[in-house]
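Remarks on the structure that follows.
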């Protein structure tokens, strides 16, 4: 393959992959700043409620190119991640963060260009007393994620491709993208989605005629 696996998955995007076997996280996991895109294998952390020590440990042990995927939904209203951890992550080549919890310092995250996908923003920080786990399976956005599973996030959301299913996801994603490209050409030529998708207009109740606008 001339392109890296990460580049191929990222090019297809979360929405296409989500229609091709990837597991879609719940919509509550969203890009913290507009334009965020991330793709890489997962390095996992499960936080004790209100505590982010497990994230610090996972980041300290993370390899370049990974996405830190953290379960913090036990007490999500803390800011589990901010500018300090982002600065460390960038220095270590970490690709981004996906967290079932909240973060803070969002202006700095955007200015630094570090992709973060989270439930929202919380001012109050987390403790670092202990507990939690790194390197095991976590549940984030309703999806079970294991170390090495591939995570793809963009402004449509976040999906997970199990480590052993990447080739199948790429094949299915390319096939879908090809079909959509053909459909776009047909639509530009004047066809309709009702026609192209074989939809049944009679299933929709009509209340009044559609009136054209002024000439």
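The values are calculated or read from the model by the stated rules, or taken from the named source; none is laboratory data. Small disclaimer: the values here were computed from a predicted structure and weren't measured. A quick note on method: Cβ atoms are made from the backbone with ideal geometry, for glycine too, and the neighbour counts reach across all protein chains shown.
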>> Looking at 132, 101 in this structure, which one is more than 24 Å from residue 8 (Cβ to Cβ), at pLDDT 95 or above and in contact with a helix residue (DSSP H, G or I) (Cβ under 6 Å, 6 or more places away or on another chain)?
In response: 132
>> As an exercise: evaluate residue 153 against (1) assigned to a helix (DSSP H, G or I); (2) in contact with a strand residue (DSSP E or B) (Cβ under 6 Å, 6 or more places away or on another chain) and give the number of the one condition it does not meet.
In response: (1)
> So which residues in region 8-59 are in a helix (DSSP H, G or I) and either at pLDDT below 95 or touching a helix residue (DSSP H, G or I) at 6+ places or on another chain (Cβ under 8 Å) (or both), if there are any at all?
Replying inline: 8, 9, 12, 16, 17, 55, 56, 59
>> Against the conditions (1) at positive phi; (2) surrounded by 18 or more Cβ atoms within 10 Å (Cβ to Cβ); (3) touching a residue at least 40 places away in the same chain (Cβ under 8 Å), where does residue 103 fall short? Just the number, please.
In response: (1)
> Which pairs have Cβ atoms under 7 Å, sit 6 or more apart or on different chains, and link a residue in region 156-180 that is on the phi > 0 side of the Ramachandran plot and touching a residue at least 60 places away in the same chain (Cβ under 8 Å) to one that is crowded, with 19+ Cβ neighbours inside 10 Å and part of a helix (DSSP H, G or I)?
Replying inline: 157/14
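Please verify whether region 160-177 includes one or more residues that are in a strand (DSSP E or B), modelled with pLDDT of 95 or more and within 28 Å of the chain's Cα centre (by Cα).
Scanning region 160-177 turns up at least one residue that is in a strand (DSSP E or B), modelled with pLDDT of 95 or more and within 28 Å of the chain's Cα centre (by Cα).
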> Among the residues of region 60-82, which ones are surrounded by 17 or more Cβ atoms within 10 Å (Cβ to Cβ), outside any strand (DSSP E or B) and within 20 Å of the chain's Cα centre (by Cα)?
Replying inline: 62, 66, 72, 73, 76, 80, 81, 82
> What about residue 111, is it part of a loop (DSSP other than H, G, I, E, B), surrounded by fewer than 22 Cβ atoms within 10 Å (Cβ to Cβ) and on the phi < 0 side of the Ramachandran plot?
Replying inline: no
> Do you know which residues across region 32-42 are surrounded by fewer than 22 Cβ atoms within 10 Å (Cβ to Cβ) and within 21 Å of residue 106 (Cα to Cα)?
Replying inline: 33, 34, 35, 36, 37
> Among the residues of region 106-128 satisfying the criterion of being touching a residue at least 40 places away in the same chain (Cβ under 8 Å) and in contact with a helix residue (DSSP H, G or I) (Cβ under 7 Å, 6 or more places away or on another chain), which is nearest to residue 60 (Cα to Cα)?
Replying inline: 128
